[in-house]
Amino acid sequence: MEKDNQVTTPVYDFVRQYRENGTARFHMPGHKGRGFLGFEDMDITEIKGADALYESDGIIAESERNATKLFDSGMTLYSAEGSSLCIKAMLYAAFRYFNVYLQETHPVIFAARNVHKSFIYAAALTDCDVVWFKTGKKPLSICSSMVTPEDVEDLFERAVIKPAAVYITSPDYLGRTADIKGIADVCHRKGVLLIVDNAHGAYLKFSENDDHPLTLGADICCDSAHKTLPVLTGGAYLHLSKDLVSKYDYDGLYEYMKSVMCMNGSTSPSYLIMASLDKCNEYLSNKAREDIARTINKVSQLKDDLSSAGYDIVGSDPLKLTIRLHDGNIADFVRSKNIEPEYADRDYTVFMISPFNTDEELDRLHDALIDYSKENDVRSSEPAMEFEIVPFQTANIRFALKEKTVTMDFEKAQGKMCGFPLVSCPPAVPIIMPGELVKKEVIEVAKYYGYEKINVVEADYR
Ligand SMILES: Cc1ncc(COP(=O)(O)O)c(C=O)c1O
């Protein structure tokens, strides 16, 4: 990986060289390197020497090996289609391990309720059953569902079936983090894999504490590189731990993982995104640690200042600023100062910060929030709603998604079976899953979040 103490950047170098060669492009894409956006000349396809993401044995494989070393994983694969693609491949990886080595047949996952909707599609594609951890009385948000090692232990005690894996999301959209080490210990004692959706935490590997899920004991995890690292939208990593790769003892594992990525993704992955992932390796190998440490300090200072001004700051993700304030509409206030947050609902406003935010931008955010606190009471922060959705599952996810469905007002859907999850991004966390019956409390939660429509199965299975 090292060349003069520098990580190689073979994909980026290839694409840049090709741009400079002035080669007549009688291949895809149709813009031929000249287009309306200005960067088309680096947008290439699988020409000679460019390797191919799903059959990689050239520059892409070299770049992925670099990432494998940087993340200290057993195997790191690139996705040009976000964690959404990785999540599908993660379930295949878990079930493959489960089928081959434990000789069980029926795929089951124990999952925390705040899954991203791509998990729902992954469950449908793999036709697995999902047993949900209890949401607990106090998540106070659809985005959070922090299961503890005790919750995991408890479900193992109560469940009649052994899952292939436990699946959690950490950090979640609000920056809450789970006790991954504790949960991994329980899973491994039970002989079950731990899968972590670390879409929001790629940078954690390069923070001082190294709180990356792989370091804490996860077996499989995905990181949306694009969410927290300087990578183009769509760039993500799928990691298998060293321990899992050695236990897999399977010569064709790399090819298998490539196949399951290919099965669910496009065979024309973007070279712009892959070059961006590749170039990021160089950054991760030199400046990232220092930059991230410095930015964490600045964010910590910002959080202290805001707490002193009365704000309720939640979550422990060091590069996320999450403010809890019921119906405060902080988002519109900061927008009036030319600041755009990542996410806002009736209770939480989330700002994602990286070393690529300038000091001026951080100051602007600081000043805007301090101004807001002078004009508004920021101390009464409790969400107006505390809820627990106890799912009433009548069919598995794949079954419900194959049925004929219709979209209707939530109010009229009581007693119907949920079809497709109609939740937009962010946060793309469904409040009800395909196959579950719409109960009164689900309708109340939907109303609270302003969801008006639900897709339901037309046939009446009650
Ligand atoms: C928790 C979580 N998981 C997965 C995803 C999907 O990630 P991507 O956008 O990289 O496909 C998201 C997207 O926001 C997310 O918030």
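The values are calculated or read from the model by the stated rules, or taken from the named source; none is laboratory data. Bear in mind the structure is a predicted one, so any value in this text is a computation, not a measurement. When we count neighbours, we look across all protein chains shown, and the Cβ atoms used for this are built from the backbone with ideal geometry, even at glycine. Protein only, heavy atoms only, side chains kept; ligands, DNA and RNA dropped before computing areas. Shrake-Rupley method; radii C 1.70, N 1.55, O 1.52, S 1.80 Å.
Just one of the listed residues (Tyr248, Tyr256) is farther than 27 Å from Leu365 by Cβ, crowded, with 19+ Cβ neighbours inside 10 Å and touching a residue at least 24 places away in the same chain (Cβ under 8 Å), namely Tyr248.
Can you tell me which residue is farthest from the chain's Cα centre (by Cα) among those in segment 160-179 that are open to solvent by 10 Å² or more (accessible area, probe 1.4 Å) and either away from the ligand (no atom under 14 Å from the Cβ) or among the polar types (S, T, N, Q) (or both)? Filtering segment 160-179 for residues that are open to solvent by 10 Å² or more (accessible area, probe 1.4 Å) and either away from the ligand (no atom under 14 Å from the Cβ) or among the polar types (S, T, N, Q) (or both), the one farthest from the chain's Cα centre (by Cα) comes out as Val160. Take the conditions (1) within 18 Å of Tyr97 (Cβ to Cβ); (2) of a type in the set (Ser, Thr, Tyr); (3) buried (at least 21 other Cβ atoms within 10 Å of the Cβ); Ser276 misses just one of them, which is (1).
Candidates in segment 212-228 are the residues that are open to solvent by less than 10 Å² (accessible area, probe 1.4 Å) and assigned to a helix (DSSP H, G or I); of these, the one that is farthest from the ligand (Cβ to nearest atom) is Pro213.
What is the one condition in (1) within 12 Å of the chain's Cα centre (by Cα); (2) under 24 Å from Tyr271 (Cβ atoms) that Val231 does not satisfy? With (1) within 12 Å of the chain's Cα centre (by Cα); (2) under 24 Å from Tyr271 (Cβ atoms) applied to Val231, the lone miss is (1).
Here is a yes/no grid of residues against (1) among the small types (Gly, Ala, Ser); (2) over 30 Å from Glu255 (Cα atoms); (3) assigned by TED's automatic domain parsing to the domain that holds Ser241; (4) not in a loop (DSSP other than H, G, I, E, B):
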residue: Val11; (1), (2), (3), (4): no, no, yes, yes
residue: Pro29; (1), (2), (3), (4): no, no, yes, no
residue: Asp41; (1), (2), (3), (4): no, yes, yes, yes
residue: Ile47; (1), (2), (3), (4): no, no, yes, no
residue: Ala67; (1), (2), (3), (4): yes, no, yes, yes
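Within segment 432-448, being open to solvent by 10 Å² or more (accessible area, probe 1.4 Å) and within 16 Å of the ligand (Cβ to nearest atom) holds for no residue.
If only residues of segment 229-245 that are open to solvent by 20 Å² or more (accessible area, probe 1.4 Å) and within 16 Å of the ligand (Cβ to nearest atom) are counted, the one that is nearest to Met352 (Cα to Cα) is Pro230.
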